[in-house]
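Heads up, the thing below is written out as structure tokens.
The values are calculated or read from the model by the stated rules, or taken from the named source; none is laboratory data. In this text the structure is predicted, and so the values were computed from the model without any measurement. Areas reflect the complete protein model, heavy atoms only, side chains present, ligands, DNA and RNA absent. Shrake-Rupley method; radii C 1.70, N 1.55, O 1.52, S 1.80 Å.
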Amino acid sequence: PFSAFTRSAFIAKKRNYDQPNWFGVALAFGTSAALWAFLFKQHEDDVMEYERRKAERHHKCTGCS
């Protein structure tokens, strides 16, 4: 009897699918693009550091030590 007068906290109003939430869509895609850009940049930095350390390890100069 009491459930007829209560309202769910999760469904406050019915979704309107005729007007998508373009701000939310843009935010999701923008965040995804930014994370991918950061991932590629970080990968390039890691590869450069790896190559630098590999070259340093094989460096056989008698004047440096």
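Quick notes on this structure:
- Positions within the range 17-27 being open to solvent by 60 Å² or more (accessible area, probe 1.4 Å) and in a helix (DSSP H, G or I), in sequence order: 22, 23, 26, 27
- Checked across the range 46-62, the condition of being in a loop (DSSP other than H, G, I, E, B), modelled with pLDDT under 70 and open to solvent by 100 Å² or more (accessible area, probe 1.4 Å) holds for at least one residue.
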